[in-house]
Amino acid sequence: MPDNDQESSSYYILILIATFATLLGFTSCTSSSAGSEKRSPAPLEVSYYVINPESSSELFVTNAEILPSEQVNITSEVAAKVVSIHFEEGQIVQKGHILVQLDAREAIARLQSLEAQFEQAEKVYNRTATLLRTGGASEEEYETAKSRYLQLKAEVSAASVLVEKHSIRAPFTGVAGLRQLSPGSFVSNQQSIVQFWQIHPLKIEVDLPERFIGLVRVGDTLEIFGEYLSDTSVAIVYAVEPVIDRVLRSNKIRAKISKPSSGLFPGVYVKAALQVKSKSNVLKVPADCIVPQLGRQIVYTVNDGTARANTVQVGRRDAVYVEILSGLNPGDTLVASGILLVRSGTPVRPTTSLSIQE
């Protein structure tokens, strides 16, 4: 009986050992399988962007003022009474047309007196020159006659200019503004008479930010539009100021509007749009690909099915794209989605190609 009990106990012990070994083996296999899955997770499906060199440009829109082609404040160079006015306010006046005639009687009388003296001096000069050749006059008499002749010639010329200044003429073909005087008024030196504008063609002046220096050239075009304009006008850049304003940190450009839309006049404020072309062969990426990280700018490239972090130096940027100055090469493939789930070494599988839509 004791032998049977002992055999039975040994039998149960063997069964327990076998069961434990089986469980241990199953646990080991399960652990091994779980470890294998942990070491080789499924790749993360992401969108991707392939870098290709492109030309970079930026649409710059700003407020600007319409200017006349030419403008001047007509003033008098002499003090005299207004005799007559020869223009209509707000009307076109041709270049050289007399706008205002001042009383020039005194100036004309002086001119006539000098012309008479000059005529006499010219005769004396010619006679003395003849006598000098025959020995009938000395060198000193000749030089005195010549000096008098030249002096009076200059005075006649000056008096003639003074007479002309009493006739105030249009400096170019343009539109006269509102006059500031009437016939019979006395005009003092440098007193304003009328504003004068040339409004065909018109001009526009734009303040260009410092970052665009060297990128806008003569011949570039601007589009002009505004709330009260019927349609869009085009202006051609004809001058770029070479100096930066110390306060505004900008420089001015001017463009001519050859065919202005209706409602476009000097002094009107409008919107001006300029497509600023920068460099060619620029590397640029979607702005969402950039990850700020501890003072650095990071992008993730795809290399052999895994993500790799790259530190890049960025240039100009907006809501659409960022220019890359260094850290990437043409042809690199960037992770463009799931950025927050990606780390360096994460298995990724690019599925959808993205392109920049400006």
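Values quoted throughout were computed directly from the atomic coordinates according to the rules given, and no laboratory measurement underlies them. Quick caveat, the model's predicted, so the values are computed rather than measured. Cβ coordinates were reconstructed from backbone atoms using ideal geometry, including for glycine residues, and neighbour counts include every protein chain displayed.
Brief remarks follow.
- The slack between residue 211 and residue 291, meaning 0.36 nm per residue of separation minus the straight C-alpha distance, is 26.3 nm.
- Net charge contributed by nearby residues that have their C-beta within less than 15 Å of residue 192 (K/R +1, D/E -1): -1
- Here segment 296-319 is scanned for amide nitrogen atoms under 19 Å from the site 7 Å beyond the Cα of residue 325 along Cα-to-Cβ, giving 296-299, 310-319.
- Modelled spin labels at residue 151 and residue 81, positioned 7 Å past Cα toward Cβ, are 3.4 nm from each other.
- Gain in span if fully extended, residue 144 to residue 246, counting 0.36 nm per residue against the direct Cα distance: 30.8 nm
- Placing unit charges on each Cβ (+1 for Lys and Arg, -1 for Asp and Glu) gives the chain a dipole about its Cα centre, and among 132, 276, 325 the Cα reaching farthest toward its positive end belongs to 132.
- Checking every one of the trypsin sites (Lys or Arg not before Pro) in segment 158-200 against DSSP loop status and a limit of 16 other Cβ atoms within 10 Å picks out 165.
- Taking every DSSP helix (H) stretch of at least 4 residues in the chain, weighting each as -39,500 (n - 2.57) and dividing the sum by the residue count yields a mean residue ellipticity at 222 nm of -9500 deg cm²/dmol.
- Charge dipole (the chain, unit charges on Cβ, about Cα centre) - positive-most of 235, 307, 43: 235
- For segment 237-280, the list of trypsin sites (Lys or Arg not before Pro) that fall in a loop by DSSP and count at most 14 other C-beta atoms within 10 angstrom reads 246, 249, 279.
- Against the chain, whose longest principal axis comes from its Cα atoms, helix 139-164 is set at around 60 degrees.
- Angle in degrees between helix 105-134 and the longest Cα principal axis of the chain, rounded to the nearest 10: 70
- Cα convex hull volume per residue for segment 72-196 (Å³): 110
- Gain upon complete extension [residue 70, residue 189; 0.36 nm per residue less C-alpha separation]: 40.5 nm
- Estimated from the Cβ-Cβ distance and a Förster radius of 45 angstrom, the FRET efficiency linking residue 92 and residue 349 is about 0.05.
- Of 95/259; 95/256; 81/256; 203/284; 203/277, those spanning more than 29 Å from alpha-carbon to alpha-carbon: 81/256; 203/284
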